Amino acid sequence: MKKFAIYGKGGIGKSTFTSALSAAVAGMGYRVMQIGCDPKADSTANLLGGREQVSVLNWLREHDGETPKLEDIVSVGYNGVCCIECGGPTPGIGCAGRGIVTTFTLLDELGAFQAYRSDFVFYDVLGDVVCGGFAAPIRDGYADEVLIITSGEKMALFAARNIYYAVENFRDRDYAGVRGVVLNRRNIAEEEARVRAFADEAEVPMIGDIPRDPAVQQCENRNQTVVEGAPDCPAARAILAIARELTDGVQPGE
């Protein structure tokens with residue numbers, strides 16, 4: 001089982017990318033689980049065709065601390081992707097990162113990864129915050145590797161550097177390392193050069209270059225990933241190339 005945490009600035013397209021990546025990898029015959037780690041609990045919406053996914057924290061609140069069954073908190077979406085949302089506290093009350101810690105602990109107790117025989121797990125993580133619960137995929141050994149998604153915009157690259165340094169801080173503890181950088185284009189001047197400069201500075205590869213493609217928004221309007229709704233468009237082809245890179249040498253069921 002390979003586990004990837006996907007980080008990046010808020011609004012950079014992490015959930016859109018992660019869902020499309022999950023759909024692509026699952027379409028190659030692998031068992032995939034996607035865990036949304038944002039309190040908004042909207043990471044898996046495009047995999048579920050717009051169906052609402054009950055978050056773990058909401059389920060626990062509604063059932064007064066009872067222990068759920070896996071089917072209570074896991075929904076199966078496009079291409080068989082198992083979808084989980086951590087959720088967050090009541091707005092204005094409590095720490096959002098605690099939802100991640102609570103969910104991860106519960107999934108361990110329920111044996112979720114083993115029950116669904118996951119080949120790949122993708123964590124879609126709020127990327128502006130790399131402390132507390134939001135650092136759990138890096139810090140607590142849940143993820144094997146980190147993907148950083150960024151555009152060439154100044155603030156996106158600022159967040160990408162913070163994420164990179166957060167991961168580096170745990171390097172000597174045998175935690176997750178950065179697998180590579182994914183460019184999600186905004187079509188600004190010298191964008192590729194700026195992102196490549198960051199990747200070179202961090203000494204990590206740029207493993208994907210996703211063009212700005214109107215098909216992405218068109219598919220989202222239909223509650224679909226671009227891999228499902230427009231598999232031959234440029235963005236879908238770029239995401240499929242990343243999926244092949246990440247799955248290279250991995251056999252289903254390993």
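The values are calculated or read from the model by the stated rules, or taken from the named source; none is laboratory data. What you see is a predicted model, and the numbers here were worked out from it, not measured in a lab. Because the Cβ atoms are built from the backbone with ideal geometry, glycine has one as well, and the counts that use them run over all protein chains shown.
Figures for the structure shown
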| read-out | value |
| --- | --- |
| Sole residue being over 24 Å from Gln114 (Cα atoms) and at pLDDT 95 or above, chosen from Asn46, Asn79 | Asn46 |
| Count of residues meeting criterion [farther than 17 Å from Ser118 by Cα and modelled with pLDDT of 90 or more] in segment 32-43 | 2 |
| Where a residue in segment 177-191 is without any contact (Cβ under 8 Å) to a residue 40 or more places away in the chain and its partner, wherever it lies, is crowded, with 20+ Cβ neighbours inside 10 Å and polar (S, T, N, Q), with Cβ under 6 Å and at least six apart | Arg186/Ser151 |
| Checklist (1) of a type outside the set (Phe, Trp, Tyr); (2) under 30 Å from Tyr116 (Cβ atoms); (3) surrounded by fewer than 17 Cβ atoms within 10 Å (Cβ to Cβ); (4) touching a Ser or Thr at 6+ places or on another chain (Cβ under 6 Å) applied to Arg186, failing item | (2) |
| Segment 214-232 residues that are farther than 12 Å from Ala45 by Cβ, paired with ones that are surrounded by 14 or more Cβ atoms within 10 Å (Cβ to Cβ) and of a type in the set (Ser, Thr, Tyr) (beta carbon under 6 Å, 6 or more apart) | Glu228/Tyr78 |
| Options Thr44, Thr102; residue that is surrounded by fewer than 24 Cβ atoms within 10 Å (Cβ to Cβ) and polar (S, T, N, Q) | Thr102 |
| Residue within segment 180-191 that is in a helix (DSSP H, G or I) and under 13 Å from Leu157 (Cα atoms) present | yes |
| Restricting segment 135-157 to residues that are aliphatic (A, V, I, L, M) and part of a helix (DSSP H, G or I), the residue that is nearest to Met1 (Cα to Cα) | Ile138 |
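For every residue, the table says whether it meets (1) part of a strand (DSSP E or B); (2) closer than 18 Å to Asp124 by Cα; (3) free of Cβ contacts under 8 Å to residues at least 24 places away in the same chain.
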| position | (1), (2), (3) |
| --- | --- |
| Gly11 | no, yes, yes |
| Ala24 | no, yes, no |
| Met33 | yes, yes, no |
| Ser43 | no, yes, no |
| Asp64 | no, no, yes |
| Thr105 | no, yes, yes |
